[in-house]
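Read-outs throughout are calculated quantities, based only on the coordinates presented, and are distinct from any laboratory measurement. Computed from a prediction, not measured in an experiment: that's the story for all the values here. Here the Cβ positions follow ideal geometry from the backbone for every residue, glycine too, while neighbour counts run over all protein chains shown.
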Amino acid sequence: MFSRKNKLILLKLLSLFSIVRGYNILIIVFAQYLTSIFILAPDIPLREVLFDPNLFVIVLASAGVIAAGYIINNFYDREKDLINRPQKTMLDRLVSQQTKLTGYFVLNFLSVILASYVSFKAVLFFSLYVFGIWFYSHKLKRKPFLGNFVASILSITPFFAVFIYYKNFDEVIFVHATFLFLMLVMREMVKDLGNLRGDMAQNYKTIPIIYGESSSKKIISLLVLASCVPIYLLLTSYEIGLMNFYFYACLGLLLSFLIALWKSNKKTHYVWLHNILKFIIVAGVFSIILIDVNMILDRLLW
């Protein structure tokens, strides 16, 4: 059996994992590698992509900055989260504010140092990324729509890192990115609907607080319709292999999401809606493999 001291250490590690959203970071790491293999560098042998030290450093630096971003968000949102997510907040408070800030600076510093292995441009990119996350958390998060827009941009920034590295400017990449961006904006706006109590208590100026829940739902509905454009283009204008099944499923899920959105009026409802969008995003990451299933076997033999 664990001693009391060991249990406390284990709980603090769990708390730290919760603060940096370790599960989200793992998904982003997978997404960066899958995007590199199947979309950005389809002509490069699989082994070269997987064992490319520059790509590994870019992914590792991205993970460090993202983890630091979650820490600084947790630091600024601690009072709001105590209202919106009391159980998670109590777990997160096992790690002191001083430890969080130390971890924030150390992770950012190490990420920028790692980026120097790739190039000066990588250092500049990740330095701007660090600043962007801090500026969003400190200044922009409380602003209606701008906060949602910037949060979504910051969420897809790690993919721009590998995009710039491979210098692949195919149109299909921008269409995929547009779909992902729209899903992220919707997720941020649904999150605002579910966080009304905490946001009002901390004087956050979100769209549902300033313009009302109905206006927020109308904007989300427009974003759902807008997301149908990249889905249509991907299904009709580009070769995406078996990933077309994923986008057909997305149409069904988004229709269900839209119907449920207008029937929702409780926090639990918005949690479910948030989970639907999160499922679409996560499923999309692993569905990238479906673009060319045979590519895996073929390239393993190279």
Spatially proximal aspartates and glutamates relative to Lys205 (Cα-Cα < 19 Å; intrachain offsets below 8 disregarded)
Asp77, Glu79, Asp81, Glu188, Asp192, Glu213
Over region 133-182, the quotient of the Cα radius of gyration and 2.2 N^0.38 Å is 1.31
Under a point-charge model restricted to the Cβ atoms of Lys and Arg (+1) and Asp and Glu (-1), what is the dipole moment magnitude of region 1-168 relative to its Cα centre, in debye to the nearest 20?
780
Can you give me the pair-distance distribution of region 170-302, C-alpha pairs, 10 Å bins, whole percents?
11, 39, 27, 15, 6, 2
Proximal aspartates and glutamates relative to Lys167, as straight alpha-carbon distance under 19 Å, when same-chain residues fewer than 8 apart are discounted:
Asp43, Glu48, Asp52
Only helical DSSP H runs with n ≥ 4 go in: add -39500 (n - 2.57) per run for the chain, normalise by residue count and round the 222 nm mean residue ellipticity to 500 deg cm²/dmol.
-25500 deg cm²/dmol
Return Leu255, Leu233 ranked ascending by Cβ neighbour count within 10 Å, so the fewest neighbours appear first.
Leu255, Leu233
Given charges at beta-carbon only (K, R positive; D, E negative), |dipole| of the chain in Debye:
1640
Computed over region 1-144, Cα set: Rg, Dmax in Å:
17.5, 54
Among Gly252, Tyr238, Val271, the residue whose Cα sits farthest towards the positive end of the charge dipole of region 170-302 (+1 at Cβ of Lys and Arg, -1 at Cβ of Asp and Glu, taken about the Cα centre) is Val271
Between Ser214 and Trp262, what is the spin-label point distance in nm, taking each point 7 Å from the Cα along the Cα→C-beta axis?
1.3
List the aspartates and glutamates whose Cα lies under 12 Å from the Cα of Lys100, skipping any in the same chain that are fewer than 8 positions away.
Asp92
State, in angstrom, two size descriptors of the chain derived from its alpha carbons: Rg to one decimal place and Dmax to the nearest whole number.
20.1, 61
What does a probe at Leu242 reach in region 259-292, counting residues whose amide N is under 20 Å from the point 7 Å along Cα→Cβ?
280-292
Mind ranking 280-292, 154-166, 55-67, 211-223 by how tightly packed they are, going by the mean number of other C-beta atoms within 10 angstrom, highest first?
55-67, 154-166, 280-292, 211-223
Are there DSSP H segments in the chain that both extend 15 Å or more along their axis (alpha-carbon positions) and score a mean Kyte-Doolittle hydropathy of at least -1.0? List them, or say none.
4-19, 22-35, 53-76, 97-115, 120-135, 146-166, 171-194, 213-236, 243-263, 267-287
